[in-house]
Amino acid sequence: MMDRPDILLITVDALRADRFNEETMYSLWKRLYDSEHAIAYTQVVAACSFTTPSMVSMMTGLFPPAHGVRHLTGEVLSEDVEVLPWLLERLGYVTGAIVGIEPLKHCGLDAHFNHYEGTSNPFATRATEGYYTGKLYSRVRRVWREFKEQNPDKPLFYWVHNADAHEPWMTSYDEAISFIDYETNTLVEDLDPDVVIVTSDHGESLGERGQFHIEGGKHGDALFDEELLVPLIVFSKAPEKVIGLVWEEKVVSDTMISLIDVASLIVAFAGHSYGAWQQGALGYFDHGRRWAYAETTHPRTHFDVQPLRTIRSASTKYVERWDGEDLTKYDLVGDPQERRPMQVVDRHERTDVTNAFGDITRWEEVHEAKDLEMPPEEEEQVKEHLRDLGYID
Ligand SMILES: [Zn+2]
């Protein structure tokens, strides 16, 4: 493999970590076991339980308090933030993206790619399993080929956001996932990139908490693991290991990492540095002794109550309101379903948690997002799209 590999990154919206199994995702599961150099992580914590802040975190290696994009829509990433495609371009890459969900078109990431497009929003026609994935991947095949033809000497970084597993589904969540799995595997076979990374922006609650959610919304209002954990599947033609990714020793790893570490991983594959980029920590892949941070502003947006934030290790999770009240603790070993919230009574423990939140939110450079301004007709189109997705009434 050349020292600057072609990298294809596919994010499947709302793909739960536990759905990466032989039954639901047979094609990629089989590819994982058939590949010489591949690994899947099953304890990957998204930085937000809904799309936009989570994907901006993945593309910047920063948690939302540091990059400033904290809502589904209405914010544009500050131009001062160092963004992954921009760094890759400096390393000689051409960069492209195609995103299938309206908020990702307008969050400011587009400014940092050589080519960035949204699909023509077919999925606002409600349940579209298959139709959308087929259309999206046809476009990806064509654009990928064009990129390679026009830039024969340059490596390519290409990001695809597939939103076909987002509700509403035509049949069921699992069937949508299985279909996407099959199509994604075929796409990977066709394009045959040097490095392939498949992951998601957040998980999906499938009734675990009863009536907890607003109608139609199945993620974003809470920070339980079913909404935060996503799979991360990595295939590479490189025989040498990237730090933390030990191909020979494990195929499926339950080491806890943060989804923002994907940025560090890609930076490492591109040959820039081995270790941590921004707030990510590729070097921790092997030990996992760190806190992953996540937050959601949806409680305020939807219910006019305090937003939530969490820090989570492999064994313990703390959740609190943004005003620092209602600190709750979960023992993820003894209570993996997070059914038994505990009070934090120990003063030192309380201080440790406060400090950990502080370390994350007082990152060396904290950015503010700008307000999104768009023509009224376009704004109405975005609203229509969000209505279809069940985010607004
Ligand atoms: Zn999403």
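Among the conditions (1) modelled with pLDDT of 95 or more; (2) in contact with a His (Cβ under 7 Å, 6 or more places away or on another chain); (3) assigned to a helix (DSSP H, G or I), LEU104 misses just one, which is (1). Give the range 157-198 a look and list any residue that's in a helix (DSSP H, G or I) and of a type in the set (Gly, Ala, Ser), or say none. ALA176, SER178, listed by residue number.
Inside the range 327-343, can you point out the residues that are not in a loop (DSSP other than H, G, I, E, B) and not basic (Lys, Arg)? Scanning the range 327-343 gives THR328, TYR330, ASP331, MET342, GLN343. Within the range 34-58, restricting attention to residues that are in contact with a helix residue (DSSP H, G or I) (Cβ under 9 Å, 6 or more places away or on another chain) and part of a helix (DSSP H, G or I), the residue that is nearest to the ligand (Cβ to nearest atom) is THR51. If you check SER78, SER27 for being away from the ligand (no atom under 16 Å from the Cβ), of a type in the set (S, T, N, Q) and farther than 29 Å from ASP221 by Cα, only one passes: SER27. In the range 1-24, the qualifying residues are those that are more than 14 Å from GLY203 (Cβ to Cβ) and in contact with a strand residue (DSSP E or B) (Cβ under 6 Å, 6 or more places away or on another chain), and the one that is farthest from the ligand (Cβ to nearest atom) is PRO5. Given the structure, is GLU368 under 20 Å from GLY280 (Cα atoms) and without any contact (Cβ under 8 Å) to a residue 12 or more places away in the chain? Considered against the rule, which asks whether it is under 20 Å from GLY280 (Cα atoms) and without any contact (Cβ under 8 Å) to a residue 12 or more places away in the chain, GLU368 comes out as no.
The values are calculated or read from the model by the stated rules, or taken from the named source; none is laboratory data. Please read these numbers as outputs of a predicted model, since none were measured by experiment. Positions of Cβ are backbone-derived with ideal geometry, glycine not excepted, and every protein chain shown enters the neighbour counts.
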